[in-house]
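Reviewing the structure listed below.
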2 protein chains.
Amino acid sequence: MKKIINNPSDFVEESIQGLVISHPEIYSFANDNQRVIKRTSKAKNKVGIVSGGGSGHLPVFTGYVGKGLLDACAVGSVFASPSVDQIASAIRNGNNGSGVLCVLGNYGGDVMNFEMACEIVKSEGIETRMIIVSDDIASASNEEKLKRRGIAGLIFTFKIAGASSENGASLEEVYNLTLKANNNLRTIGVAVSSCILPEVGKPTFELENDEIEIGMGIHGEPGIKREKLRKADLLVDDLCKIIFEDFELSNSDKVSIMINSLGATPLEELYIVSKKVNEIFSKKNIEIVKSYVGRYATSLEMAGMSISVLKLDDDLKKALFDHSECPFWIN
Amino acid sequence: MKKIINNPSDFVEESIQGLVISHPEIYSFANDNQRVIKRTSKAKNKVGIVSGGGSGHLPVFTGYVGKGLLDACAVGSVFASPSVDQIASAIRNGNNGSGVLCVLGNYGGDVMNFEMACEIVKSEGIETRMIIVSDDIASASNEEKLKRRGIAGLIFTFKIAGASSENGASLEEVYNLTLKANNNLRTIGVAVSSCILPEVGKPTFELENDEIEIGMGIHGEPGIKREKLRKADLLVDDLCKIIFEDFELSNSDKVSIMINSLGATPLEELYIVSKKVNEIFSKKNIEIVKSYVGRYATSLEMAGMSISVLKLDDDLKKALFDHSECPFWIN
């Protein structure tokens, strides 16, 4: 395991301390909990947007705290849910007096702990709603879409919820727009090589030298199928087919796409993927109004990438383009 | 070699086509050369800022074309200089009628080809100056600073030159401010694992499982020494010592730092590094006014990172904070 770290047990604490010390104008620790990051300039009179989840996915989750995105975030250990206490603290710190929308990935521990935390803060008078993001096509069938995991599409929901709340929408309104974003979201990924968890010290999974796994989750959850590595254009063709089989898009639809590296896969490869995605969508007369290409939701140094599609209407498009302030989102 | 690519020989063309198609509001191909990227909205009446260099380092070089940064950029093959023709085209395309500042890394082929291209465009009436960036401490002694290679510090010089030119400075003034930036810049890096060039298919160099190389260049040029991998804090201590031995910084100095991943090294590790750098600088009463942490100058999927320090005065600080528009620079 070749990592530039200190004690593996200090990995999470030190990395979020580094995040806060590097960008003090954006991120601050909550006063009551060192596993909760909040906005340095707290918002007023708007719905709070709160997330949380395991570490090892930067910029997800904590990196998206900032104006126009998340108000606060609970930070779990590597690939593990934050605790109920941590989430309750994040909700309190993200609350600006107008209720809080929790936006989280669909993982058992996260969902359970968020539900319990929402119960706790309810008794303190904080109203909450919850959006459980489920964009990963590979993790359940279309009929069971609500069982799907949340992956790179999470960032789109953070952006939509954050923008809507900044514009003064009510908790119900922010909830409805973010729910529409989740309904309009699809992601499919491919793993090329494994990551190594600092406290484990060996690869999470093994892939042969010429093998990839379609649909593997960002924690190494089993995907749809293992296949031979093939040319990027053929791979992207197959991934887009999976998206189109799942998600009815017609010509004249407008979408935003995100080509996301799981970590090690470089920008050059992402742009080769993006080129092909653009060609495929163009042939179908589906307009890509904005492309995001980079590292958004990673798995440490895993190699691989995912393609996300968010179908837009006027409200979603406006929220997507609204101004935000965070080192990991370019307006 | 596990890469999401098509034919290795198409790697560069396809990745820059993807860049342009993904961000058409920022990047366009030059009409006369498919290896030259220019700003989509051409500037008027300002000094043009032009760069160029080998591929495989995204976002360097081409990614930094945009308002407040580069006006045009020539794109070489992987780790290879662009040709004289390509550079001459980039200068013509980056010219807005007020002269052109070429900002490039100190590599033999790049310098030679830029010099020849400047001769060619001179005969066409385009006045040029050249800044050869030399921030890599490991590549030559302090007495021979001009022989040093240019690495991640390049981005600071792009930003300073771009901002200065947008503010209406003359070619001489932009040159002087950018020269000051280069004089005030130091970078030291460490390689943890090799990258693989698409057309080569095997690692550029070999490192043992517990071995790192201090000061290795972004093309695998030999560094200062090979050592055992050790805890991040000890490594960062040593790297900062190398910086302070080379570069006189006194308390009350203000600096900006860049913690740059060479590719595979994840954000979490960069923030552990950034935390320690912040602590070391804080003990010396050197104020870090802005930290940049991420992938700025990469070597495909190489693992490792570099620490850059830019000493600021009021003019450099203003230029650093000025607005720019590019997917790889957060204002």
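The values are calculated or read from the model by the stated rules, or taken from the named source; none is laboratory data. The shown structure was predicted, so the numbers you read here are calculated from the model rather than taken from an experiment. A quick note on method: Cβ atoms are made from the backbone with ideal geometry, for glycine too, and the neighbour counts reach across all protein chains shown. Side chains are part of the model used for accessible areas, which takes the heavy atoms of the whole protein and leaves out ligands, DNA and RNA. Shrake-Rupley method; radii C 1.70, N 1.55, O 1.52, S 1.80 Å.
For a bin width of 10 Å, list the pair-distance distribution of region B:190-235 built from all Cα-Cα distances, rounded to whole %.
The calculated distribution, bin by bin, is 28, 52, 18, 3.
Given charges of +1 on the Cβ of Lys and Arg and -1 on the Cβ of Asp and Glu, with all other atoms neutral, how large is the dipole of chain A about its Cα centre, in debye to the nearest 20?
Roughly 500 debye for chain A.
Tell me, rounded to the nearest percent, the portion of alpha carbon pairs in region B:185-320 spaced more than 27 Å apart.
In whole percent, the share of Cα-Cα pairs in region B:185-320 beyond 27 Å is 21.
Separation of region A:195-236 and region A:80-138 by C-alpha centroid, Å?
Using only Cα atoms, the two centres lie 30 Å from each other.
Give the percent of DSSP beta bridges with both residues in the protein assembly as shown that are antiparallel, rounded to the nearest 5.
55 percent
In the neighborhood of B:Ser41, defined by Cβ-to-Cβ distances under 11 Å, what is the net charge if each Lys or Arg adds +1 and each Asp or Glu adds -1?
Here the count lands on +2.
Near B:Ser81, within a Cβ-to-Cβ distance under 14 Å, what is the net charge of the other residues, with Lys and Arg +1 and Asp and Glu -1?
Once positives and negatives cancel, what remains is -1.
Compute the distribution of all C-alpha to C-alpha distances in the protein assembly as shown, in bins of 20 Å from 0, and list the percent of pairs in each, rounded to whole numbers.
With 20 Å bins starting at 0, P(r) equals 20, 55, 24, 1.
Over all pairs of distinct alpha carbons, what does the Kirkwood formula give as the hydrodynamic radius of region A:8-183, in Å?
Kirkwood hydrodynamic radius for region A:8-183: 15.7 Å.
Long-range amide H contacts for A:Ser77: which residues qualify at under 5 Å (H placed 1.01 Å from N, peptide plane, sequence gap of 5 or more or a different chain)?
A:Ser55
I'd like the mean, over residues of B:4-11, of how many other protein chain beta carbons sit within 10 Å of each residue's own Cβ.
Taking the mean over all residues of the peptide, I get 6.
In nm, what does the list of distances from B:Asn176 to its counterparts in the other copies look like, shortest first, when each label sits 7 Å along Cα to Cβ?
6.1
Specify the residue with the greatest mean-square fluctuation among B:Val236, B:Val200, B:Val309, computed from a Gaussian network of chain B linking alpha-carbon atoms under 10 Å apart.
It is B:Val200.
Per residue of chain A, what 222 nm ellipticity follows from adding -39500 (n - 2.57) for every DSSP H run with n ≥ 4, rounded to the nearest 500?
-10000 deg cm²/dmol, from helical runs alone.
Choose one answer from A:Gly220, A:Gly263, A:Gly168: the residue with the largest mean-square fluctuation in a GNM of chain A with alpha-carbon springs under 10 Å.
A:Gly168
Would you be so kind as to identify which of B:Leu179, B:Ala74, A:Met305 lies farthest towards the positive end of the dipole of the protein assembly as shown, taking Lys and Arg as +1 and Asp and Glu as -1 on Cβ and the Cα centre as origin?
Of B:Leu179, B:Ala74, A:Met305, it is B:Leu179.
Principal axes first, then extents: for the Cα atoms of region B:105-222, list largest minus smallest coordinate on each axis, whole Å, largest first.
Principal-axis extents of the Cα atoms in region B:105-222, largest first: 53, 31, 28 Å.
Just in region A:1-62: which trypsin sites (Lys or Arg not before Pro) are loop by DSSP and have at most 12 other Cβ atoms within 10 Å?
Filter output for region A:1-62: A:Lys44.
Pick out which of A:Leu316, A:Leu146, A:Leu262 has the largest mean-square fluctuation in a Gaussian network model of chain A, springs linking Cα atoms closer than 10 Å.
A:Leu146
Could you tell me the convex hull volume per residue, in Å³, taken over the Cα atoms of chain A?
121 Å³
Take chain B, mark every one of the GluC sites (Glu not before Pro) that falls in a DSSP loop and has at most 10 other Cβ within 10 Å, then report the longest stretch left between them, sites excluded.
B:1-123
When DSSP beta bridges are limited to those with both residues in region A:214-331, what percentage is antiparallel, rounded to the nearest 5?
Once the DSSP bridges in region A:214-331 are tallied, antiparallel ones form about 55 percent.
Residue farthest toward the positive end of the dipole of the protein assembly as shown, with Cβ of Lys/Arg at +1 and Asp/Glu at -1: which of B:Ile280, B:Phe205, B:Gly94?
Of the listed residues, the answer is B:Gly94.
Using protein chains only and a probe of 1.4 angstrom, how many square angstrom of B:His23 are accessible, to the nearest 10?
Solvent-accessible area, nearest 10 Å²: 10 Å².
In chain A, what % of DSSP beta bridges are antiparallel (nearest 5)?
The antiparallel proportion sits near 55 percent.
Using 31 Å as the Cα-Cα cut-off, could you pick out the over-long pairs in A:Lys290/B:Lys231; A:Lys122/A:Lys202; A:Lys228/B:Lys276; B:Lys225/B:Lys311?
A:Lys290/B:Lys231; A:Lys122/A:Lys202; A:Lys228/B:Lys276
Given B:Ala163, A:Gly18, A:Ile257, which one lies farthest toward the positive end of the charge dipole of the protein assembly as shown, if we put +1 on the Cβ of every Lys and Arg and -1 on the Cβ of every Asp and Glu?
So the residue furthest toward the plus end is B:Ala163.
Calculate the spin-label point distance for B:Met130 paired with B:Val111, positioning each point 7 Å from the Cα along the beta-carbon direction, and give it in nanometres.
0.9 nm
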